[in-house]
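Engineer: Sharing a structure below in structure tokens format, with a few things to ask.
The values are calculated or read from the model by the stated rules, or taken from the named source; none is laboratory data. Remember, predicted model here, so these are calculated numbers, not experimental data. Neighbour counts are summed over all protein chains in view; Cβ atoms, including those assigned to glycine, are modelled from backbone coordinates with ideal geometry.
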Amino acid sequence: MEDRARTGGCAVLSSAAHSAASQSVVSSTGARVERQPLSRYTTLGVGGEAEVWTVGNHAQLAEVMGAPYRILGGGSNLVVADEGLSERVIRLGGQFAAIDLNADPALSTLGQLVTGWVGGGVPLPGLLRKLQRLGYSNLEGTVGIPAQLGGAIWMNAGTRFGEAFGGLHSLEIVSPQGTRTVTPDELPWSYRDSGIPRNHIVTRARLKLRRSSPEAVQERMDAADIARKGQPKNRTPGCAFKNPALADGKRLGAGKLFDEAGLKGSRVGNAMIALEHANFIVNLGGATAADVHALLGLMRERVGVALELEYELWP
Ligand code: FAD
Ligand code: EPU
């Protein structure tokens, strides 16, 4: 059973309460606040403790943004420090995890539709399954990405079969400066980058989709899935570095570069460069953030090309 208490003002867990990792309090606006190890929330399975706020509406979001914060999605691109974080960590729930896939009649046509709002905290894999069943196309190329919708949008996650920005009509973004709704053409988005400033929170999005059939959408998902067959199954935050761009706009495969540099199987502590794909770092069990940082340094050192990190390092 969770031990819950309602706080008077802003819910801040005292350091005395920090040791009780499962203790949960409720903030003045009703957000749930818990001291938790972030290793529970990351696909890598690494990360020390932080104060985790689960917020379900705009009032709760405004409250939590009253002190320094970070926004957590599916935790599938994160390397969180072993020491944990001093900032509040926001998880989206409630209204920000709701799904309205009804076509907006004012904006939809026979071939193309614009949905209602879909929360930034909605897990992408489940959303894609729903879209497939409805025969709605445009986002299926992102199959296999273990993100939340908001995190996938913030990173513009994708594969060569499609990216998050391929299926967006508009986004609601909340920051300490207020709430705004933008369309993709108002953002400088590109490969693995939405152009949305850090800590501006994608609370929800309306999707722009093409009417297709469940079978055709499934076929395209299968093709995108096949391209993942060579990726590791261990705990990982996915590809470590972005594929560097060449002068002609094409991209070099960073994984291929690391492979050619002989890095597969390189190990620091319990973190290892995957045997299956050299741009993935995997946790063999009990890896630390420090192990991962050391491997990232080795990867940069061994490849004579400027590389941009894809992982988000917290802090
Ligand atoms: P998190 O990892 O939780 O956070 C990443 C960043 O997004 C942080 O800066 C965070 O603050 C920010 N963020 C999260 N949610 C929000 C929000 N609502 N509003 C604003 N900012 C937010 N990526 C690809 O692009 N293509 C792939 O094919 C791919 N394959 C992967 C396969 C595996 C097995 C794994 C583990 C990862 C893979 N990734 C891939 C990486 C990762 O899934 C993406 O980067 C994804 O976009 C991260 O989303 P997330 O919700 O997990 O965000
Ligand atoms: N390759 C090697 N050795 C390796 C890895 C790859 O020789 O260790 C070769 C492959 O054989 C292939 C080429 O490099 O000929 C490209 O490999 P792959 O198809 O795996 O694509 P990638 O560019 O390495 C990108 C994304 C992945 C995405 C896949 C599938 C980036 C940084 N990576 O990988 O995204 O899933 O395409 O579309 O853009 C991620 O971003 O986290 C991620 C996993």
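Engineer: Restricting to the range 230-271, what's the tally of residues that are more than 9 Å from ligand 2 (Cβ to nearest atom) and basic (Lys, Arg)?
Structural biologist: Of the residues in the range 230-271, 4 are more than 9 Å from ligand 2 (Cβ to nearest atom) and basic (Lys, Arg).
Engineer: In the range 214-231, what residues are within 16 Å of ligand 1 (Cβ to nearest atom) and touching a residue at least 24 places away in the same chain (Cβ under 8 Å)? Break it down into steps so the answer makes sense when it comes.
Structural biologist: Step one: filter the range 214-231 for residues within 16 Å of ligand 1 (Cβ to nearest atom), giving 220-231.
Result: Arg220, Met221, Ala223, Ala224, Asp225, Ala227, Arg228, Gly230, Gln231.
Engineer: Among the candidates Ala274, Ala261, Ala294, which residue alone is outside the structural domain of Val80 (by TED's automatic domain parsing) and under 30 Å from Gln132 (Cβ atoms)? Don't jump to the end; show me each part of the working.
Structural biologist: On the way: Ala261 fails: under 30 Å from Gln132 (Cβ atoms); Ala294 fails: under 30 Å from Gln132 (Cβ atoms).
Residue meeting the stated conditions: Ala274.
Engineer: For the range 160-180, which residues satisfy the criterion of being over 22 Å from Arg210 (Cα atoms) and in a strand (DSSP E or B)? Please lay out each step first, then the result.
Structural biologist: Step one: filter the range 160-180 for residues over 22 Å from Arg210 (Cα atoms), giving 173-180.
Correct list: Ile173, Val174, Ser175, Gly178, Thr179, Arg180.
Engineer: Out of (1) within 20 Å of the chain's Cα centre (by Cα); (2) surrounded by fewer than 19 Cβ atoms within 10 Å (Cβ to Cβ), what's the single condition that is false for Gln218?
Structural biologist: Result: Gln218 passes all but (1).
Engineer: Could you tell me which of the residues Ala67, Ala106, Ala62 is among the hydrophobic types (A, V, I, L, M, F, W, C), surrounded by fewer than 18 Cβ atoms within 10 Å (Cβ to Cβ) and outside any loop (DSSP other than H, G, I, E, B)? Show your work before the answer.
Structural biologist: Working: Ala67 fails: outside any loop (DSSP other than H, G, I, E, B); Ala106 fails: outside any loop (DSSP other than H, G, I, E, B).
Only one candidate passes the filter, namely Ala62.
Engineer: Quick check on this structure: which one of Pro232, Pro237 is surrounded by 13 or more Cβ atoms within 10 Å (Cβ to Cβ) and over 15 Å from the mean Cα position of the chain (by Cα)?
Structural biologist: On the way: Pro237 fails: over 15 Å from the mean Cα position of the chain (by Cα).
Only one candidate passes the filter, namely Pro232.
Engineer: Considering only the range 259-306, how many residues are farther than 27 Å from Arg40 by Cβ and touching a Pro at 6+ places or on another chain (Cβ under 6 Å)?
Structural biologist: Going through the range 259-306 one residue at a time, the tally reaches 1.
Engineer: Right, another one. From Leu309, Leu313, grab the single residue that is within 20 Å of the chain's Cα centre (by Cα), of a type outside the set (Phe, Trp, Tyr), away from ligand 2 (no atom under 11 Å from the Cβ) and closer than 21 Å to Leu85 by Cα. Even if it seems obvious, please write down each step before you answer.
Structural biologist: On the way: Leu309 fails: away from ligand 2 (no atom under 11 Å from the Cβ).
Unique residue meeting the criteria: Leu313.
Engineer: List the residue pairs whose Cβ atoms are under 7 Å apart, where the first residue sits in the range 257-274 and is surrounded by fewer than 20 Cβ atoms within 10 Å (Cβ to Cβ), the second is modelled with pLDDT of 95 or more and of a type in the set (Ser, Thr, Tyr), and the two are 6 or more positions apart or on different chains.
Structural biologist: Pairs found: Gly269/Thr288.
Engineer: Take the range 40-82 and flag every residue that is within 15 Å of the chain's Cα centre (by Cα) and either more than 22 Å from Val202 (Cβ to Cβ) or within 16 Å of ligand 2 (Cβ to nearest atom) (or both). If you could, list the steps in order and put the result at the bottom.
Structural biologist: As a first pass, look at the range 40-82 and keep what is within 15 Å of the chain's Cα centre (by Cα): 40-45, 70-80.
Arg40, Thr42, Thr43, Leu44, Gly45, Gly73, Gly74, Gly75, Ser76, Asn77, Leu78, Val79, listed by residue number.
Engineer: Okay, moving on. Exactly one condition in (1) of a type outside the set (Phe, Trp, Tyr); (2) away from ligand 2 (no atom under 13 Å from the Cβ); (3) over 29 Å from Val46 (Cβ atoms); (4) in contact with an Asp or Glu (Cβ under 7 Å, 6 or more places away or on another chain) is not met by Arg211; state its number.
Structural biologist: (4)
Engineer: Quick one: in the range 188-213, of everything that is without any contact (Cβ under 8 Å) to a residue 12 or more places away in the chain and within 13 Å of ligand 1 (Cβ to nearest atom), which residue is surrounded by the fewest Cβ atoms within 10 Å (Cβ to Cβ)?
Structural biologist: In the first step, residues of the range 188-213 are kept if they are without any contact (Cβ under 8 Å) to a residue 12 or more places away in the chain; the result is 188, 195, 198.
Still in the running and within 13 Å of ligand 1 (Cβ to nearest atom): 195, 198.
On the way: Gly195: 14, Arg198: 9.
Among them, the one singled out is Arg198.
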